[in-house]
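**Student:** Before anything else, here's the structure in question.
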Amino acid sequence: MRHGFAILLALITSCALAMSAAWAQPVKVLRYAFPIAETSFDPAQITDLYSRTVVSSIFEAPLEFEFLASPARMRANTLATMPEVSDDWRTFTFRVRPGIFFADDPAFSGRPRELTAADYVYSLKRHYDPRWKSGNLYLLENDRILGLSELRREALDQRQPFDYDREVEGLRTLDRYTFQVRLAEPKPRFLYHFTDPSFTGALAREVVEHYGERIGEHPVGTGPFRLAQWRRSSLMVLERNPGYREVRYDEHPGADQPRLVAVARAFAGRRLPMIDRVEISVIEEPQPRWLSFLNEEQDLQEQVPAEFAHIALPNNQLAPNLAKRDITMVRYPRADVAVSYFAMEHPLVGGYEPRQVALRRAIALAVDVEREIRLVRRGQAIPAQSPIAPQTWGYDPAFKSEMSEYNVARAKALLDLHGYVDRDGDGWREQPDGRPLVLEYATQPDQQSRQLIEQWRRNMSAIGIRIEFVTAKWPENLKASRAGQLMMWGVGWSAGAPDGDTFLALGYGPNKGQANHARFDLRAFNALYEKQRALPDGPERLALMNEAKKLMIAYMPYKVHAHRIFTDLAHPWVKGYHRNIFVRDFWKYVDVDMDERARRMGR
């Protein structure tokens, strides 16, 4: 008896010591800031980068891109194996790994809730439900999943709730853990959709039904983090999901990346996530955002503000004072475009007649992109020659076009030729019928937007065109843009996968009100776009993409200004930092040494 009591006492003491050690460990917190506020946390409703970034660590897609691989490589995430793909790229079969569970939530009434194939089927169907007004629906409708668009039209025509329980030919559960997607046409890159948690991440139906219209405030997924606190447009706090399954760090960078090889070796086998908490502030103005990093109130500066690039990155090298602080610099080209669009359905800047096209081309020719990059973007971008961005299939670094040309004389000649002249001698041009010619450009109240509109004012004054600016918060402009209420607006568009289709989608007619903010709708372009989507990567597809981008240049629904280059900075206590532009959920791959942070901050 005495021996048994001694063993029990030893066990209790051991457990107490282990618990005490765990309590003694500091909570690992990663702090950084967004320059733009989030909008929602519902994958069926969000389209902006910052909301996508948050939910990408809450929800999980079936696939993911390897974090340190270059070029990009896909791997199974919540699947047992990579999907089975038919030879004709029309049938895709996914097998979910058993034993994955959603984070606890009152919607589950205290019971564990396992992820199943039905959750992915339901979550895909939500994009088709008119109730949620999905801004990503165009991606799925373009791929023509058999039966789903018809089910959506039926709900719209009959003004009835979307029927989630009706099985369609193109999206079915085969058993508890297996679902299958069937397409009407070949789509060789269809699997890319299933790497994006903010698009194809799994939601549980009972959570959506429990929260209803407030689902965007209550994201519940299977990912490594869960939302712990949210002050809208101010602060988002995420904490480690205690029910997250066992996932180990297993990354394989190329041998030509010695820093990443060292990171992979140091972290190999570590359980993910390595940090306990992520605190994201919204700091819209660049100066306080930059100062909060310098003052060590933030651990990470994602995208050094252009206004401070010459201080932080003289000659694109880390400044000596920052290097002395052992700050890590990660510099990378974005797969993105910075554009200004013309609303093609607007009576002034829209239309397809020669004089209407001439107006847009003249405006574009008057935009001094080199000056914009030098003065506003502080050299952190390259001029764009087409809508297709670097780091994606279809981008040609040798391609040159009118898109980047700055030629005031040619712009004036185009305007004169098509009747946009100064008729009353006041120094400003009128429309060919004599009505005023006044552009209206939507913008935001942040410092860089103010600098950009000053460039627009200068550029348009040089060719005698009045331009006025309407300022609103970014989410408000996004909502108005999707509703077709803006004449012109400047936005960025980023690729979620390494393929140029993302950018050609900006001009595809059926995408109006979604990706296609300009509402460009040209039959010849649409045909080229559809043909290239059905082909595997190769010379035939590339030729079609080249013809499509040339049509976008010729009709100029978008003035594509630049492809941005980002530089991130991390304090030395952030370990393993890297940016894969196709992996938004990077938090789980980094560690924070809280002891080093306390030591350095106390120096």
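**Student:** Taking only region 53-101 into account, find how many residues are without any contact (Cβ under 8 Å) to a residue 60 or more places away in the chain and open to solvent by 40 Å² or more (accessible area, probe 1.4 Å).
**Tutor:** Final tally of qualifying residues: 6.
**Student:** Just give me the residues in region 345-385 being among the β-branched types (Val, Ile, Thr), open to solvent by less than 10 Å² (accessible area, probe 1.4 Å) and closer than 18 Å to residue 431 by Cα, in sequence order.
**Tutor:** 349, 363
**Student:** Would it be correct to say that residue 309 is of a type in the set (A, V, I, L, M), touching a residue at least 60 places away in the same chain (Cβ under 8 Å) and touching a Lys or Arg at 6+ places or on another chain (Cβ under 7 Å)? So that I can check it myself, show each step before the final result.
**Tutor:** Working: of a type in the set (A, V, I, L, M): yes; touching a residue at least 60 places away in the same chain (Cβ under 8 Å): yes; touching a Lys or Arg at 6+ places or on another chain (Cβ under 7 Å): yes.
For residue 309, the condition - of a type in the set (A, V, I, L, M), touching a residue at least 60 places away in the same chain (Cβ under 8 Å) and touching a Lys or Arg at 6+ places or on another chain (Cβ under 7 Å) - is met.
**Student:** Let me ask something additional. Within region 299-326, take every residue that is assigned to a loop (DSSP other than H, G, I, E, B) and over 26 Å from the mean Cα position of the chain (by Cα) and give me the one that is farthest from residue 596 (Cα to Cα). Write out each step before concluding.
**Tutor:** Initial filter on region 299-326 (assigned to a loop (DSSP other than H, G, I, E, B)): 299, 302-305, 313, 317-319, 324-326.
Next cut, over 26 Å from the mean Cα position of the chain (by Cα) only: 317-319, 324-326.
Numbers: 317: 25, 318: 21, 319: 22, 324: 16, 325: 12, 326: 12 Å.
So, considering only residues that are assigned to a loop (DSSP other than H, G, I, E, B) and over 26 Å from the mean Cα position of the chain (by Cα), the one farthest from residue 596 (Cα to Cα) is 317.
**Student:** Would you confirm, using the coordinates I've provided, whether residue 588 is more than 30 Å from residue 254 (Cα to Cα), modelled with pLDDT of 95 or more and not aliphatic (A, V, I, L, M)?
**Tutor:** Numbers: more than 30 Å from residue 254 (Cα to Cα): no; modelled with pLDDT of 95 or more: yes; not aliphatic (A, V, I, L, M): yes.
So residue 588 fails the test.
**Student:** Further question: Identify the single condition in (1) closer than 26 Å to residue 537 by Cβ; (2) in contact with a Ser or Thr (Cβ under 8 Å, 6 or more places away or on another chain); (3) at pLDDT 95 or above that residue 369 does not satisfy, given that it satisfies every other one.
**Tutor:** Unmet condition: (1).
**Student:** Additional query: Using the structure shown, decide if residue 510 is of a type outside the set (Gly, Ala, Ser) and in a loop (DSSP other than H, G, I, E, B). Give the derivation first.
**Tutor:** Values: of a type outside the set (Gly, Ala, Ser): yes; in a loop (DSSP other than H, G, I, E, B): no.
Criteria not met by residue 510.
**Student:** Within region 163-170, is there a residue that is open to solvent by less than 30 Å² (accessible area, probe 1.4 Å) and out of contact with any Gly (no Cβ under 6 Å at 6 or more places or on another chain)?
**Tutor:** Residues of region 163-170 that are open to solvent by less than 30 Å² (accessible area, probe 1.4 Å), as a first pass: 168, 170.
Subsequent filtering for residues that are out of contact with any Gly (no Cβ under 6 Å at 6 or more places or on another chain) retains none.
No, the conditions are met nowhere in region 163-170.
**Student:** Next question, about the same structure. Need the failing condition index for residue 588 against (1) part of a helix (DSSP H, G or I); (2) out of contact with any Ser or Thr (no Cβ under 9 Å at 6 or more places or on another chain), just the number.
**Tutor:** (2)
**Student:** Name the single residue that is surrounded by the most Cβ atoms within 10 Å (Cβ to Cβ) among those in region 235-288 being of a type in the set (Val, Ile, Thr) and in a strand (DSSP E or B).
**Tutor:** Within region 235-288, the subset of a type in the set (Val, Ile, Thr) is 237, 247, 261, 263, 275, 278, 280, 282-283.
Of the ones still in play, those that are also in a strand (DSSP E or B) are 237, 278, 280, 282.
Working: 237: 16, 278: 26, 280: 23, 282: 18.
By that ranking, first place goes to 278.
**Student:** Using the structure shown, decide if residue 152 is of a type in the set (D, E, K, R), touching a Pro at 6+ places or on another chain (Cβ under 8 Å), farther than 30 Å from residue 259 by Cβ and not in a loop (DSSP other than H, G, I, E, B).
**Tutor:** Values: of a type in the set (D, E, K, R): yes; touching a Pro at 6+ places or on another chain (Cβ under 8 Å): yes; farther than 30 Å from residue 259 by Cβ: yes; not in a loop (DSSP other than H, G, I, E, B): yes.
Answer is yes for this residue.
**Student:** Then there's this: Select from region 343-378 the residues that are touching a residue at least 60 places away in the same chain (Cβ under 8 Å), assigned to a loop (DSSP other than H, G, I, E, B), under 23 Å from residue 484 (Cα atoms) and charged (D, E, K, R) and list them in ascending order.
**Tutor:** Scanning region 343-378 gives a single hit, 345.
**Student:** Provide a single number: the residues in region 432-471 that are among the aromatic types (Phe, Trp, Tyr) and buried (at least 18 other Cβ atoms within 10 Å of the Cβ). Don't jump to the end; show me each part of the working.
**Tutor:** Within region 432-471, the first condition is being among the aromatic types (Phe, Trp, Tyr), and the residues that meet it are 441, 456, 469.
Keeping just the survivors that are buried (at least 18 other Cβ atoms within 10 Å of the Cβ) gives 441, 456.
The number of residues fulfilling the criteria is 2.
**Student:** Of these, 128, 177, 192, which one is open to solvent by 10 Å² or more (accessible area, probe 1.4 Å), aromatic (Phe, Trp, Tyr), in contact with a Lys or Arg (Cβ under 8 Å, 6 or more places away or on another chain) and at pLDDT 95 or above? Outline the logic, then answer.
**Tutor:** Working: 128 fails: open to solvent by 10 Å² or more (accessible area, probe 1.4 Å); 192 fails: in contact with a Lys or Arg (Cβ under 8 Å, 6 or more places away or on another chain).
None of the other options fit; the residue is 177.
The values are calculated or read from the model by the stated rules, or taken from the named source; none is laboratory data. Since we're looking at a predicted model, the values are computed, not measured. All Cβ positions, even for glycine, are placed from backbone atoms using ideal geometry, and neighbour counts span all protein chains on display. What goes into the accessible areas is simple: the full protein's heavy atoms, side chains included, and nothing from ligands, DNA or RNA. Shrake-Rupley method; radii C 1.70, N 1.55, O 1.52, S 1.80 Å.
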